[in-house]
1. Select from region 6-42 the residues that are aliphatic (A, V, I, L, M), closer than 17 Å to I77 by Cα and in contact with a Ser or Thr (Cβ under 6 Å, 6 or more places away or on another chain) and list them in ascending order.
2. When region 65-79 is examined, which residues are found to be more than 19 Å from T260 (Cβ to Cβ) and touching a residue at least 40 places away in the same chain (Cβ under 8 Å)?
3. Does at least one position in region 125-134 carry a residue that is touching a strand residue (DSSP E or B) at 6+ places or on another chain (Cβ under 8 Å), without any contact (Cβ under 8 Å) to a residue 40 or more places away in the chain, farther than 21 Å from G36 by Cβ and in a helix (DSSP H, G or I)?
4. Of V249, V170, V218, which residue is within 15 Å of the chain's Cα centre (by Cα) and assigned to a helix (DSSP H, G or I)?
5. Considering region 193-210 alone, what residues qualify as being in a helix (DSSP H, G or I) and either surrounded by fewer than 17 Cβ atoms within 10 Å (Cβ to Cβ) or not hydrophobic (A, V, I, L, M, F, W, C) (or both)?
6. Out of the residues in region 33-53 that are surrounded by 17 or more Cβ atoms within 10 Å (Cβ to Cβ) and either over 15 Å from the mean Cα position of the chain (by Cα) or among the acidic types (D, E) (or both), which is farthest from A257 (Cα to Cα)?
7. Go over the candidates L175, L164 one by one and state the one that is out of contact with any Gly (no Cβ under 7 Å at 6 or more places or on another chain), assigned to a strand (DSSP E or B) and free of Cβ contacts under 8 Å to residues at least 60 places away in the same chain.
Amino acid sequence: MILTVTLNPAIDKLYQVDNFTVGSVFRPRNMWVTAGGKGINVAKVAAILGEKVIATGFLGGKNGQFISEQLEQLGIINKFVQIAGETRTCTTINDSLAHTFTGILEPGPTISISEQNCLLDNFQTLVSSVELVIISGSLPQGVSSEFYGEMIKIAKAQGKKVILDTSGSVLINSLSYSPLMIKPNREELESIVGKSLKEDQILKIAKEIADKYNIEIVCVTLGESGCIAVTEAGHFYLRGPKVEPINTVGSGDSFVAGCTVALVQNQTIEQVLKMGMACGTANTQFAEAGKVSKGLVEKYLQLISIVRD
């Protein structure tokens, strides 16, 4: 059983608009409305791959009700804490001709201290019944940047391992709690060190983070250039197949989901990383974020190259 945490979920709206420009009126060629947020995307992909998943976090209002209904339809166990505020909506405009993605991300509701305490109590109960915990995404307003660290501490106290996928000060403040795995992308890692990084520098920084904070797996995703991973078993460079993406939103979450599924199946670290890459690549072939097919994942698994340093 897998537990995903999404403290700042959203309804994701994706519009396909050709030749999009600012200041004009458009009629989308297509649109999709789905339950979103990084942890929810992880849950959706893991469920597609056949794993049992519990999802928790904060949900509120009619938007929260919509997300709850979608989770039920997907067979994901809904253990979200209900809040007074309204869950946010995030909008993406995909111009397939210009190959651009324009995102408008609402900040979301402010979470009260009592709601936060309710979440922590709920989390402590849920952790006991799962094998692996995935904490993903941004923190909502009103929640301290130390909150993820507190959740990691609760999980580790019960002997559970945690994958953390966040960024900025929230990631920095959580490293000392030593999650099992982190997955910054290149831009997120560069924002931490405050400069652009070449691949050899990325490896050096990833090694320093792994050693300093006792993190078993540090994956740095590089988009179409693949992934660099530092693990206790060695350092790995992965390259995926060349594909024409339909939508790249959610590919990082799908990467995390693939790694998660392989970890709970006790696969080798090479298979864990390849499964992540395969799921991340498969997600690019769908308009919806956090969606793959088993067939595409199996196909891409055979096409991923992995080199151990």
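The values are calculated or read from the model by the stated rules, or taken from the named source; none is laboratory data. Computed from a predicted model, the values in this text were never measured in an experiment. Virtual Cβ from ideal backbone geometry, glycine too; neighbours counted across all protein chains shown.
1. I40, V42
2. Correct list: F66, I67.
3. no
4. Going through V249, V170, V218 in turn, the sole match is V170.
5. The answer is V193, E199, D200, Q201, K204, K207, E208.
6. Filtering first and then ranking leaves T34.
7. L164
Each row is one residue, and each column tells you yes or no for (1) in contact (Cβ under 8 Å) with a residue 60 or more places away in the chain; (2) in contact with a Gly (Cβ under 6 Å, 6 or more places away or on another chain).
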residue: Y237; (1), (2): yes, no
residue: P241; (1), (2): yes, no
residue: G258; (1), (2): yes, yes
residue: L263; (1), (2): yes, no
residue: E270; (1), (2): no, no
residue: M275; (1), (2): no, yes
residue: Q302; (1), (2): no, no
